[in-house]
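Notes follow the structure.
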Amino acid sequence: MKKLLFLFAFLPVFLFADALPCPLSLPVVYNLTGAIDEGYRVVAVVTDQAEISEFSFDSETDYLTLLTDAQFYYALCLDSAGHQQFLYMGPQEVGGGVAIQELQPLPSSWGEGAKAAGKGALISLGTGTGIFLIALAADTGDGWTAIAGLIIGGAVAYFGILASAAWGMVKGVQVSMQNQKEIARRRQSVGYGSSSSTYIVSLVDREIVPTEYLEQLDTRI
């Protein structure tokens, strides 16, 4: 019993301890507004090492999120009719093109909501468990104190988890609204779509794309 109480005493420390740093670097987001024709979407990206790059593309904002580091990229774009366009993205000295703007990635509304709900649920569960353990330790042997602690602790955990879930949904909505405001602000800001970065994006003919990159892109159609 003393060991359980000792572990519970340090439960808040475990809950709020800093997590180990993630070894993965943050994704890089580029604004392709004006760089690709209307109706086209990015369906595949290959790196300078002729390896498929992980990415995500938001067709509403034309934001391309690259998740694999490389010196330059080739991308395959398709429209609803299956017409192809190829993009080069890389250092400006390789060729002319439209400058692309590097942006900070927006937080995920779902992820932030789940994080808030999960944290609250852990705290509620820990608090409820603590109430039961304290009641169990204080029980004189008739069992009523332990039963009361179980009921009260269970109620605290149950309603705390429900409240945490509700807060998670509210948090998700808040983050979503903030993201929409940030997207609107970026669109209205001076210099939107331009960048001092050396990276450019340029439409290229299929014949110009090196064979090793084209082979990788074609497999993703």
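Quick note: the coordinates plus some simple rules give every number you see, no bench work behind them. Since we're looking at a predicted model, the values are computed, not measured. In this analysis, Cβ positions are derived from the backbone assuming ideal geometry, glycine residues included, and neighbour counts consider all displayed protein chains.
Values as computed for the structure displayed
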| read-out | value |
| --- | --- |
| Reference-scaled alpha-carbon Rg (2.2 N^0.38 Å with N residues) for region 107-182 | 1.51 |
| Formal net charge of residues neighbouring PRO107 (Cβ-Cβ distance under 12 Å; K, R +1; D, E -1) | 0 |
| Spacing of the two label points (7 Å from each Cα toward its C-beta) at GLN178 and VAL204, in nm | 3.9 nm |
| Aspartates and glutamates with Cα under 13 Å of LYS171, excluding same-chain neighbours fewer than 8 positions away | GLU112 |
| Order by protection proxy (mean Cβ within 10 Å, highest first), peptides 146-154, 39-47, 79-87 | 39-47, 146-154, 79-87 |
| Spin-label pair THR145/THR33, simplified geometry with 7 Å Cα→Cβ offset, distance in nm | 6.6 nm |
